[in-house]
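Asker: Provided herewith is a single structure, encoded as structure tokens, for subsequent inquiry.
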Amino acid sequence: MTPSATDVLPPGPVAEKRTLAADAIRAHVVASTDSIPWDDWQKLCSSADAMMDRRFLAATERSMSDTHRFWYVTLYDANDDAEHEPLAVACVSYFVLDAVLLASPWIRRAVGWVRWIVPRYLKFRVILCGMPVSAGGSNLRLAPGVESGPVMEALNRELVRIAKQQWAWLVVAKEFDPVECRYVDHLARLGYLRTDSPPMNEFRHRYADFDAFLAEVRSHYRYKINRSRKKFAKAGLRVERYTDPAAIAPLYTPDVHRLYEDVVARAEHKLEVLPREFFLQMSAQFGPQVSLTVVRQGDRIVGFAWGLHTEGVYRNLFVGVDYTINDETDVYFNLMMQDLDFALRSGAGEILVGQTADVFKSRLGCESTPRVVYIKCVARWLHELMKLTAPILFPPLRLPPARDLFKPATDEVAAGGTGESA
């Protein structure tokens, strides 16, 4: 069912729905995190909200300002000058988007041939309601109790205005979970095309550590995991974890960063390629809340995982893997197990494991939650053309199948102590 245009966030500090008119909403726009009216932003963004944390925004802006532009929008009720209470806050960025990002593999291959002749074919200037970091979260927050329709209309007005200033072809709002879509879906009524983004994988089980989790899964899965651990140990690999920015900076060299670039190159959905400086900035901004888990073969780093732990929420952000040894050592599999173990031991109440490798992560007990983006071409004729070709450019994404991972209470007894195959 399509959400109502007046759907709002769950009840919060504001007890009653505020009725507004879009033309009575004014926008305050700044072009630097240093100029954000942070007192107003904090009214809508909790301390656990990593995607709207000032440190995250600053790390992104400072590391990507050579290729991107940024704006920070605060919407106010123009008739409420005495109160100055924000209605919504949003991050906006400019970059160049590959239009076949979510297209089927054969479309991407066909476009690749065309780009031998026309390198910028189907690459568009984009205004993004969000930051150019795909961590499965949005960068738009509404005040509780506010009627969403007029706010979305006012936000759309600002997005289109910025797009025209920057000669951008596309306006994109990303990446919204099912709850957020209750209020953001008004963008579809404003002409935006709604389409799928890669889902977020979440580890929803609560155990003291990974071994405690492993003890509860069916023997078939446990056998495969233990076999992978043995391959890892036999190869003489070892795991180290760093949280000190002073130790991380010299460790995370350009050669190590290339392992991340290799993972992106092999990914089914290439969301973006982040510069090395982004990760160093994240470490500098968040301090020990950012972790770097590395796998070493001798003195050489052959795998790593970046993590962010804020207010009980742990995010596995991005990984790097040396694929030349992955098949024989299962670096990636063991790296993810080690990172999950760290998250569980840290006591995180919510563990987010990223938007790629959905089938693999489902085998580790993760569950997928949909994410949605909204897209509109600034030029009406081009938007109509995009709508006609939408089934090809934006095919529906399928969530991985649910797995019967855990053994029944009588599993070991019924199978004579060996468990049963899933």
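Asker: Go through segment 283-305 and count every residue that is in a helix (DSSP H, G or I) and of a type in the set (A, V, I, L, M).
Answerer: 1
Asker: Right, something else. Yes or no: residue 387 at negative phi, touching a strand residue (DSSP E or B) at 6+ places or on another chain (Cβ under 9 Å), not assigned by TED's automatic domain parsing to the domain that holds residue 222 and not in a helix (DSSP H, G or I)? Outline the logic, then answer.
Answerer: Details: at negative phi: yes; touching a strand residue (DSSP E or B) at 6+ places or on another chain (Cβ under 9 Å): yes; not assigned by TED's automatic domain parsing to the domain that holds residue 222: yes; not in a helix (DSSP H, G or I): no.
So residue 387 fails the test.
Asker: Same structure, new question: When you look at residue 65, is it surrounded by fewer than 16 Cβ atoms within 10 Å (Cβ to Cβ), at pLDDT below 80 and closer than 30 Å to residue 288 by Cβ, yes or no?
Answerer: no
Asker: In the set 280, 259, which member is in contact with an Asp or Glu (Cβ under 7 Å, 6 or more places away or on another chain), of a type outside the set (D, E, K, R) and in a helix (DSSP H, G or I)?
Answerer: Result: 259 is the single residue among 280, 259 that is in contact with an Asp or Glu (Cβ under 7 Å, 6 or more places away or on another chain), of a type outside the set (D, E, K, R) and in a helix (DSSP H, G or I).
Asker: On to the next question. Report yes if residue 224 is assigned by TED's automatic domain parsing to the domain that holds residue 148 and either assigned to a strand (DSSP E or B) or at pLDDT below 90 (or both), otherwise no. Don't jump to the end; show me each part of the working.
Answerer: Working: assigned by TED's automatic domain parsing to the domain that holds residue 148: no; either assigned to a strand (DSSP E or B) or at pLDDT below 90 (or both): yes.
Judged against the criteria, residue 224 is not a match.
Asker: Considering each residue of segment 306-322, count those that are outside any strand (DSSP E or B) and either at pLDDT 95 or above or under 20 Å from residue 255 (Cβ atoms) (or both), and give that number. Show your work before the answer.
Answerer: First, pick out the residues of segment 306-322 that are outside any strand (DSSP E or B): 311-312, 322.
Now restrict to residues that are either at pLDDT 95 or above or under 20 Å from residue 255 (Cβ atoms) (or both): 322.
Summing the residues that are outside any strand (DSSP E or B) and either at pLDDT 95 or above or under 20 Å from residue 255 (Cβ atoms) (or both) in segment 306-322 gives 1.
Asker: Among all residue pairs at least 6 apart or on different chains, which show Cβ distances below 8 Å where the first residue, located in segment 378-392, is within 15 Å of residue 172 (Cα to Cα) and the second is among the small types (Gly, Ala, Ser) and not in a loop (DSSP other than H, G, I, E, B)?
Answerer: Close Cβ pairs satisfying both conditions: 378/163.
Asker: Go over the candidates 251, 274 one by one and state the one that is among the aliphatic types (A, V, I, L, M), closer than 29 Å to residue 329 by Cα and within 23 Å of the chain's Cα centre (by Cα). Give the steps one after another, and end with the answer.
Answerer: Working: 251 fails: within 23 Å of the chain's Cα centre (by Cα).
On inspection, the qualifying residue turns out to be 274.
Asker: Among the residues of segment 71-116, what is the count of those that are at pLDDT 80 or above and acidic (Asp, Glu)?
Answerer: 2
Asker: Can you spot a residue in segment 251-261 that is within 24 Å of residue 235 (Cβ to Cβ), without any contact (Cβ under 8 Å) to a residue 60 or more places away in the chain and crowded, with 19+ Cβ neighbours inside 10 Å?
Answerer: Yes: segment 251-261 contains one or more residues that are within 24 Å of residue 235 (Cβ to Cβ), without any contact (Cβ under 8 Å) to a residue 60 or more places away in the chain and crowded, with 19+ Cβ neighbours inside 10 Å.
Asker: Something else about it: Could you say whether any residue in segment 349-364 is under 16 Å from residue 228 (Cα atoms), touching a strand residue (DSSP E or B) at 6+ places or on another chain (Cβ under 8 Å) and assigned to a loop (DSSP other than H, G, I, E, B)?
Answerer: There is at least one residue in segment 349-364 that is under 16 Å from residue 228 (Cα atoms), touching a strand residue (DSSP E or B) at 6+ places or on another chain (Cβ under 8 Å) and assigned to a loop (DSSP other than H, G, I, E, B).
Asker: Residue pairs, Cβ under 6 Å, 6 or more apart or interchain, first in segment 42-63 and over 10 Å from residue 285 (Cα atoms) and in contact (Cβ under 8 Å) with a residue 24 or more places away in the chain, second part of a loop (DSSP other than H, G, I, E, B) and among the aliphatic types (A, V, I, L, M). List them.
Answerer: Here the result reads 44/143; 60/131; 60/133, each pair linking segment 42-63 to a residue that is part of a loop (DSSP other than H, G, I, E, B) and among the aliphatic types (A, V, I, L, M).
Asker: Just to confirm my filter: which helices (runs of 4 or more DSSP H) fall fully inside segment 110-211 and include at least 3 residues that are outside the structural domain of residue 272 (by TED's automatic domain parsing) and out of contact with any helix residue (DSSP H, G or I) (no Cβ under 8 Å at 6 or more places or on another chain)?
Answerer: Once the helices (runs of 4 or more DSSP H) in segment 110-211 are filtered for at least 3 residues that are outside the structural domain of residue 272 (by TED's automatic domain parsing) and out of contact with any helix residue (DSSP H, G or I) (no Cβ under 8 Å at 6 or more places or on another chain), what remains is 148-165.
The values are calculated or read from the model by the stated rules, or taken from the named source; none is laboratory data. This one's a predicted model, so the numbers in the text were calculated from it and none came from an experiment. As a convention, Cβ positions derive from the backbone with ideal geometry for all residues, glycine included, and neighbour counts pool all protein chains shown.
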